[in-house]
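Report on the following structure.
The values are calculated or read from the model by the stated rules, or taken from the named source; none is laboratory data. This one's a predicted model, so the numbers in the text were calculated from it and none came from an experiment. Heads up, the Cβs are rebuilt from the backbone with ideal geometry, glycines too, and the neighbour counts pull from every protein chain shown. Please note that ligands, DNA and RNA were not included when accessible areas were found on the heavy atoms of the full protein model with its side chains. Shrake-Rupley method; radii C 1.70, N 1.55, O 1.52, S 1.80 Å.
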Amino acid sequence: MRLLKDWGTYEARNWRGLALWAARRRDGTGGASVQVFDYARAQASTMYALLFVCGVETVGMSFLTAAHPVLHKVVLALDIYTVLLVLGAHAGCVARPHTVGPDGLRVRHGALLDVRIPAHLIASARRELRFPGGDGSPEGILDLPIASQTSLTVELTEPVVVSRLFGRSEEVRTVRCHAEDAYGAVAAIRALIPAPAPG
């Protein structure tokens, strides 16, 4: 049941991401005080190469199934859906950037993840280029690599609960993600951190 619910949520976000991308709009970026930090460019070439492969496969399967009209329609529908799914995955990352505003930091990964971190829970932020392995993140750390890399590390004063689609919820105290302008993101996040009270 949970899997079906998560899939429905993913589908809705995926189609909305496609619509936003086509309209050249972005989600959650309104307000003059909100700063936007993109992360999708690093994966663009890979995603477009995958789209090309899916397109070639669609054409090939159309020729192979042309003699069987029912099968042809079913396979064509599945192929078109796959192309839209891949395009939607990338469009979602473009349309849902990370944001920094008065309320805190919002870290996202396309349609899959949306984490809001209140400003008062942020302890520090730094630019740190990392290449997380495939063994999963250590406990308490959220890794959100794009093109196998993260460039921004945010430490928290208290854990926040992260709920993933198609996964379990977990408490994290460190968030590592990718931002194209990591130095700008660090400066924006540090501006949220209150100065220590004078001794």
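Worth a mention:
- By accessible area with a 1.4 Å probe, ligands and nucleic acids excluded, highest first: order of SER151, SER45: SER45, SER151
- Each of LEU76, LEU51 has its accessible area taken with a 1.4 Å probe; listed largest first, they run LEU76, LEU51.
- Apportionment of accessible area to carbon and sulfur, segment 50-112, percent (1.4 Å): 81
- Exposed trypsin sites (Lys or Arg not before Pro) absent - longest run of the chain, DSSP non-H/G/I/E/B, at most 13 other C-beta within 10 Å: 26-167
- Solvent exposure of segment 72-139 as accessible area per residue, Å², 1.4 Å probe: 49
- Positive end of the dipole of the chain (Cβ unit charges, origin at the Cα centre): among TRP7, VAL34, VAL59, the Cα lying farthest that way belongs to VAL34.
- Measuring r between the beta carbons of ARG168 and THR58 and using R0 = 41 Å, the FRET efficiency lands at 0.70.
- Calculated mean residue ellipticity at 222 nm for the chain: -14000 deg cm²/dmol, from DSSP H runs with n ≥ 4 weighted as -39500 (n - 2.57), summed, divided by the residue count and rounded to 500.
- Matching label, Cα Rg over 2.2 N^0.38 Å computed from the structure shown, candidates (1) 1.09; (2) 1.19; (3) 1.02: (2)
- Listed residue (ALA111, THR174, LEU144) projecting farthest to the positive dipole end of segment 89-199, Cβ model: ALA111
- Karplus-derived 3J(HN,Hα), 6.51/-1.76/1.60, for each residue of segment 142-152, Hz, glycine and proline x: 9, 9, 10, x, 10, 6, 6, 9, 10, 10, 9
- Cα gyration tensor, segment 86-188 - rounded (a/c under 1.5), prolate or oblate: rounded
- Based on C-alpha pairs under 8 angstrom that are at least 6 apart in sequence, the chain has a relative contact order of 22 percent.
- Crossing angle, helix 41-64 versus the chain [Cα axis fit, 0-90 degrees, rounded to tens]: 10
- The C-alpha atoms of the chain define a longest principal axis, and helix 2-22 lies at about 90 degrees to it.
- Among beta bridges that DSSP assigns inside the chain, antiparallel share in %, nearest 5: 85
- Near GLU128, the amide H atoms lying under 5 Å from its own belong to LEU152, THR153; only residues 5 or more places off or on other chains count, and H is placed 1.01 Å from N.
- Solvent exposure, largest accessible area first (probe 1.4 Å, DNA, RNA and ligands not counted), of TYR183, TYR39, TYR81, TYR10: TYR183, TYR81, TYR10, TYR39
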